[in-house]
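Enquirer: Here you go, one structure.
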Amino acid sequence: LRSGDRIFTGKGKGKLIRNHPWNLIPAYSQHLILRFVPGPQDDELSDEGVHAFTTGTYKLTDRMDRMGCALKGPRITHRTGPDIISDGIAPGAVQVPGNGQPMILLADRPTTGGYVKAGTVISADIPLIAQALPEAEVRFSPVNLIKAREIYIKKEYGLRRYAAQTGLRWE
């Protein structure tokens with residue numbers, strides 16, 4: 001896009017977007033703080049492993065695609081081992097395999113997996129990691145489920161409000 005370009009939305013309706021909701025665009029950066037809800041197997045990490053996960057700085061590797069992205073940084077250690085009985089994987093799940101390096105699973109992730117999951121990146125922060133470039137710095141910040149839901153509702157409300165103001169359909 002160039003300055004002065006006009007963007008029309010809708011099927012032939014010719015509605016011009018005049019007031020883009022800039023406050024709804026994530027703050028993309030190469031220094032990310034990803035909020036996450038701990039669990040479901042965070043109790044399988046050693047105390048040192050939890051400390052490494054929540055205080056360490058990780059770098060995004062070039063091993064990334066729509067399935068997920070691998071990080072490199074402080075080793076996250078397990079209490080007894082990285083393997084669990086396979087269970088469901090949500091978007092944003094942070095798996096910790098045997099090498100102790102976290103992997104964030106994204107849109108095309110497998111539906112089940114057998115590694116310990118230290119937490120799940122909240123949905124509002126998934127676009128940040130999905131758009132990041134290799135070598136981006138990543139830190140993890142825990143939030144509880146109520147805070148994660150509050151962030152989600154605030155974002156959803158903003159998008160729906162914008163759609164209503166502009167006459168766009170929101171589904």
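The values are calculated or read from the model by the stated rules, or taken from the named source; none is laboratory data. Bear in mind that the values here come from a model prediction, so they are computed numbers and not experimental data. In this analysis, Cβ positions are derived from the backbone assuming ideal geometry, glycine residues included, and neighbour counts consider all displayed protein chains. We work out accessible area using only protein heavy atoms, side chains counted, and drop any ligands, DNA or RNA first. Shrake-Rupley method; radii C 1.70, N 1.55, O 1.52, S 1.80 Å.
Enquirer: How far apart, in nm, are two points set 7 Å out from the Cα along the Cα-to-Cβ line at residue 163 and at residue 22?
Expert: My value for the distance between the label points is 2.5 nm.
Enquirer: Could you run the Karplus curve 6.51 cos²θ - 1.76 cosθ + 1.60 with θ = phi - 60° over segment 50-59 and give me ³J(HN,Hα) per residue in whole Hz, x for Gly and Pro?
Expert: 4, 4, 4, 5, 8, 10, x, 10, 10, 10
Enquirer: Can you give the translational diffusion coefficient of the chain in µm²/s, computed by Stokes-Einstein from the Kirkwood radius over Cα pairs at 4 °C and 1.567 mPa s?
Expert: For these conditions, the coefficient is 74 µm²/s.
Enquirer: A further question follows. Once the other residues with Cβ under 10 Å from the Cβ of residue 151 are scored (Lys, Arg +1; Asp, Glu -1), what is the net sum?
Expert: Net of charged neighbours comes to +2.
Enquirer: Count the net charge of all other residues whose Cβ sits under 10 Å from the Cβ of residue 119, scoring Lys and Arg as +1 and Asp and Glu as -1.
Expert: With Lys, Arg at +1 and Asp, Glu at -1, the neighbours total +1.
Enquirer: Quick one: net charge around residue 43, please, counting Lys, Arg +1 and Asp, Glu -1 for every other residue with C-beta under 13 Å from its C-beta.
Expert: Result for the neighbourhood of residue 43: -1.
Enquirer: Residues with amide H under 5 Å of residue 143's amide H, sequence separation 5 or more or different chain, H placed in the peptide plane at 1.01 Å from N; which?
Expert: Excluding prolines and chain starts, which carry no amide H, the hits are 36, 37.
Enquirer: At a 1.4 Å probe, what is the % contribution of carbon and sulfur to the accessible area of the chain?
Expert: Whole-percent figure for carbon plus sulfur exposure: 54.
Enquirer: Quote the accessible area belonging to residue 85 in square angstrom, nearest 10, computed with a 1.4 Å probe and with ligands, DNA and RNA left uncounted.
Expert: In the full protein context, residue 85 sits at about 150 Å².
Enquirer: Antiparallel DSSP bridges in the chain: what percent, to the nearest 5?
Expert: Among the beta bridges of the chain, antiparallel pairing accounts for roughly 80 percent.
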